[in-house]
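The values are calculated or read from the model by the stated rules, or taken from the named source; none is laboratory data. Given the structure is predicted, the values throughout are model-derived calculations rather than measurements. Cβ sites come from the backbone with ideal geometry, for glycine too, and all protein chains shown count toward neighbours.
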Amino acid sequence: MKILVIGSTGRTGKHVLTQGVRRGHEITAFARRPELLTERGALAGVHQGDAHDLDAVRAAVHGQDAVIAAVGGSGIVGTLITAMRDNGVRRVVMTSSRSVPATRPRLAVTLAWLFFRAAYVDLARAEGMLQVSGLDWSIARGTRLDDKPPAGRVHVDFEADATGGAMRLSRADYAMALLDTVEDPTLIGKALGICGPT
C-alpha cells in the first residue's frame, strides 16, 4: 500500500515510518523539516511542506492509496480532506485523544479538559469534519503516550470510555495500531479507543 504519513518527524510519526517500511508498504513522509528524518533511504518519497498548505498537501497526496495523519487539528484536517477529494484518495486514519469523548474516570477527564480544553475542542471539531467528509475515515484515539519499549499489542474498543487496557500507551505500539487500522477495511467509519495492554 502507498501511504502518506503527515507528522512524520513527530514522536509517533517516526515509528509509523519505520514500521510501515518494515511491513512492506511504500511510505512517503510529509514534514516541515525533512532534515530531521533519519532513515530517508528506505522511504518511497519525502515531501517538504506545512500541513496547512493546500498545494503542498495536494502534491503529497497525489498517487497515494491512504493517508495516516499522525498529527491532528481542524486546520490540518480541512486541508487534508480537500486534497484527498481532489486526488480521489479515500482512506485516511487520524490520531486523536481518548479524552475527547471520555467521561470516566471523572477526575482524570476533568483535569485533562481543564488543562487541554482548547486542544480537545479542536480535536473534536477535526473528528466531526472527518466523519462528514465522505472519505473512508478511521479515528484512532490514543491514551497517554510515552516512549517506553513496545509491548507488541494494544487494547482496542469502540466505546467512549475504556473497557480495559492500561492508561499508558507506548508511541511504538500506537504506531502499530495506526498501521493495523489503515490496513483493515472493516474499521472504515469507526473511531477506535486505543489503550496500552494490561
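Observations
- When the residues of region 64-102 are filtered to those that are assigned to a strand (DSSP E or B) and closer than 13 Å to Gly134 by Cα, the one that is farthest from the chain's Cα centre (by Cα) is Arg91.
- In this structure, Arg11 does not satisfy being in contact with a helix residue (DSSP H, G or I) (Cβ under 9 Å, 6 or more places away or on another chain), exposed (fewer than 15 other Cβ atoms within 10 Å of the Cβ) and either closer than 24 Å to Pro150 by Cα or of a type outside the set (Asp, Glu) (or both).
- Of residues in region 1-24 being in a loop (DSSP other than H, G, I, E, B) and free of Cβ contacts under 8 Å to residues at least 40 places away in the same chain, the one farthest from Glu183 (Cα to Cα): Thr9
- Residue in region 115-126 that is in a helix (DSSP H, G or I), aromatic (Phe, Trp, Tyr), out of contact with any strand residue (DSSP E or B) (no Cβ under 7 Å at 6 or more places or on another chain) and farther than 22 Å from Ala56 by Cα present: yes
- Tabulated pairs, region 102-113, first at pLDDT 85 or above, second surrounded by 15 or more Cβ atoms within 10 Å (Cβ to Cβ) and outside any loop (DSSP other than H, G, I, E, B), C-beta under 7 angstrom, 6+ apart or interchain: Ala102/Val109; Thr103/Val109; Trp113/Tyr120
- Here Arg125, Arg153, Arg141, Arg168 are screened, and the one residue that is modelled with pLDDT of 95 or more, in contact with a Pro (Cβ under 6 Å, 6 or more places away or on another chain) and basic (Lys, Arg) is Arg153.
- Qualifying residue in region 69-81 (condition: in contact with a Pro (Cβ under 9 Å, 6 or more places away or on another chain), surrounded by 15 or more Cβ atoms within 10 Å (Cβ to Cβ) and modelled with pLDDT of 95 or more): no
- Any hit, region 34-43, residues being part of a loop (DSSP other than H, G, I, E, B), modelled with pLDDT of 95 or more, buried (at least 21 other Cβ atoms within 10 Å of the Cβ) and touching a strand residue (DSSP E or B) at 6+ places or on another chain (Cβ under 9 Å): no
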